[in-house]
Structures are given as structure tokens and as C-alpha cells.
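Structure first, commentary second.
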Amino acid sequence: MSMPDPARPTDSPGLQRRLLLQAGSGLLLLPWLHGAQAAATDGWPADARVPGGVARLSLGPAAERPQAFAGDIPLLVLGDAIEWTALVGIPLSAPTGAAEIRLHTASGPRSIPYTVRDKKYSEQRLKVAPKTVDLSAADNARYERERDHQQTVMATFSTPLPAQMQLPVPVPGRRSSSFGLRRVFNGQSRNPHSGMDIAAATGTPVKAPVDGKIIDVGDYFFNGHTIWMDHGGGFLTMYCHLSATQVTVGQSVRAGEVIGKVGATGRVTGPHLHWGVMLNRSMVDPALFLTA
């Protein structure tokens with residue numbers, strides 16, 4: 001196998017990333033820069049600067065990895081000294097329009113602006129029994145306890161940083177509900193769907209899509225038996241409504257290992273896997289991470 005000529009700077013992966021990220025200069029037009037919903041092919045998620053999407057923001061060259069923040073939340077920064085890139089999870093609740101991240105460098109702080117574009121997600125209106133919408137006092141108290149615990153889980157930011165962010169689906173099956181779907185029950189709007197639902201039979205094995213560490217295993221009111229995996233740098237995945245879990249907190253898991261089984265636990269109407277992907281504490285569209 002021939003080695004690249006060191007005299008040819010375009011052979012540098014970092015410079016290739018910089019060329020991809022210079023579309024703002026008008027030199028390049030790439031589908032992912034316009035919110036394409038297909039995964040990128042370089043190991044990173046596709047760029048989709050919409051609520052629930054991911055912004056890939058060029059930070060330029062630097063001898064050391066810059067520190068980047070959305071508010072006070074640390075961001076995942078990947079690349080090398082030739083080109084660093086911040087991968088920013090955009091919350092579903094984010095307003096459209098101007099946005100920015102803050103960058104801490106040896107030469108001082110600076111802001112990196114970007115624009116969040118509008119995206120229309122589907123809406124579903126349902127008539128259901130009132131008891132399935134309104135929680136009892138006991139159920140609401142349980143939900144609030146579990147919410148506080150999971151917020152602590154979601155704040156995980158660890159090293160090493162992920163080597164791979166493109167993901168195969170953790171279980172085969174039909175996509176029964178897509179990310180961002182907004183459900184309205186009896187005229188009451190609920191939060192948008194924050195993951196991808198994959199229909200599969202109870203007991204179907206769920207496999208870790210990439211290497212990670214188990215940071216939470218629990219049985220929750222809405223999500224049922226749930227597993228959270230940490231992949232580094234605020235990049236987390238979650239697996240809900242499982243009939244069984246086969247891992248423990250603190251366990252390191254390799255890609256392809258079975259971590260649990262599909263089920264119908266929690267508040268669901270049938271067996272399926274609810275699969276979530278999180279960046280910088282924001283649930284983002286798993287479709288942006290899928291391998292081709």
C-alpha cells in the first residue's frame with residue numbers, strides 16, 4: 001500500500017475537514033450544510049442546524065484542543081491541530097435564528113456564531129382515557145424524583161472522547177415513531193418525541209452500537225427499564241422500555257455486545273425500543289448518526 005506524499009497538504013485529514021467546513025466562503029456546496037437528514041461519512045454525525053439537530057462548527061487551527069461551551073455546558077470538540085470542530089447538539093426547544101457558542105483559547109475567549117433554521121416535525125392528535133394523560137399525585141412525585149436523577153446522568157462529560165460517532169441501529173425493526181413527533185392528547189400538547197422508536201418483538205436482543213460505559217440502569221415510570229451509555233465528551237445513548245437489562249453500572253461495553261432485550265415496560269402500548277442520542281445534554285435526532 002502506498003503512503004501519502006507528505007509534500008501534499010491536501011492529504012491531511014485535518015485540512016480535508018477544514019475544506020469541508022469552509023462552505024461559508026462560498027467555495028463549496030455540500031448537502032449536509034443545508035440540513036440533509038443523511039448521516040455523514042467521516043465518522044461524525046451529519047450537520048443539520050435545526051432544533052433537534054447537530055451543528056458542526058469549525059474552530060480553526062490550534063496547538064491544543066480548544067474548550068467550547070453552549071452557555072455553561074461543555075461541548076464535544078474533535079479534530080487535530082490543523083482543524084478543530086465543535087459538535088453541538090441543538091435542543092428541540094431551541095428558537096430559530098442567530099445562536100452562538102463560546103470558545104476558550106490561549107489567546108482569549110471568542111464567540112462562534114451560527115444560525116438555527118426552522119424544521120417542521122410531524123404532529124399526531126389522539127383521544128385517550130384521561131387517566132393515561134393526567135398523573136396521580138404519587139405518580140407525579142415518582143416522575144419528579146426520577147427526572148432529577150436522570151438530569152444528573154445526562155450531565156456526564158467524560159474522557160476519552162469518542163473515536164466513532166456513526167451508529168448502526170441497536171436492534172433491527174420498523175421505525176414506528178420518528179424523532180421530533182409532537183403528540184397532542186385530548187387537546188393537551190406534550191413534549192416532542194425525543195428519540196427513535198423501533199418496533200420489534202419482546203425479547204429481541206438490543207446491541208451496543210459503539211463502545212461505551214454503562215452509567216445508569218433503572219426502571220422508570222415513563223421509560224420503563226432503561227440503560228444509559230456514555231461514549232465520552234457528552235455523547236450519550238439511551239435505550240428504553242426494555243424487558244430485560246444485561247449490564248451493570250460501571251461496566252465497559254464493546255460495540256455489538258447485547259445490553260438488553262426489547263420490551264414494553266413503562267408507559268407504552270406495545271413492545272419497541274425507544275433509542276435516544278444525546279449531545280451536550282440535548283436529545284438530538286438519531287437518524288443523523290446512522291451508518292449508511
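Taking θ as phi - 60° and the Karplus parameters 6.51, -1.76 and 1.60, the scalar couplings of region 46-58 work out to 5, 7, 8, 8, 9, x, x, x, 10, 9, 9, 10, 5 Hz in sequence order, x denoting glycine and proline. In this simple spin-label model, placing a label point 7 Å from the Cα along the Cα-to-Cβ direction at both SER122 and THR159 gives a separation of 4.3 nm. From the largest down, region 44-133 spans 59, 23, 23 angstrom on the principal axes of its Cα atoms. Extending 7 Å from the Cα toward the beta-carbon at both ASP134 and ARG147 defines two label points whose distance is 1.8 nm. Residues whose amide H lies under 5 Å from that of GLY52, counting only those 5 or more places away or on a different chain, are ILE90, LEU92, ALA94; hydrogens are built 1.01 Å from N in the peptide plane. Summarising the label geometry, the points placed 7 Å from Cα in the beta-carbon direction at VAL258 and SER178 lie 3.2 nm from one another.
Remark on ARG182: its backbone amide H falls under 5 Å from those of SER122, GLU123, GLN124, HIS193, a criterion applied only to residues 5 or more positions apart or on other chains, H modelled at 1.01 Å from N. If R₀ is 41 angstrom, what is the calculated FRET efficiency for the pair ASP219 and SER111, using the beta carbon separation as r and rounding to 0.05? That gives a FRET efficiency of 0.45. Taken about its Cα centre, region 46-185 carries a charge dipole of roughly 720 debye when the Cβ of each Lys and Arg holds +1 and the Cβ of each Asp and Glu holds -1. Coupling constants for region 83-91 follow from the phi torsions by the Karplus curve (6.51 cos²θ - 1.76 cosθ + 1.60, θ = phi - 60°), and in residue order they are 7, 9, 9, 8, 9, 10, x, 9, x Hz; glycine and proline get x.
Legend: Rg and Dmax of region 172-259, from Cα coordinates, 14.2, 44 Å. Computed 3J(HN,Hα) for region 102-113, one whole-Hz value per residue from the Karplus formula 6.51 cos²θ - 1.76 cosθ + 1.60 where θ = phi - 60°, is 9, 10, 9, 10, 4, 8, x, x, 7, 10, 10, x, glycine and proline marked x. Each eigenvalue of the Cα gyration tensor of region 59-112, multiplied by 5 and square-rooted, gives one semi-axis; in descending order these are 21, 12, 9 Å.
Taken together, the values in this text are just the output of simple stated rules run on the coordinates, not laboratory data. All values reported here derive from a predicted model rather than from experimental measurement. Quick reminder, even Gly has a Cβ in these numbers, built from the backbone with ideal geometry, and neighbours come from all protein chains shown.
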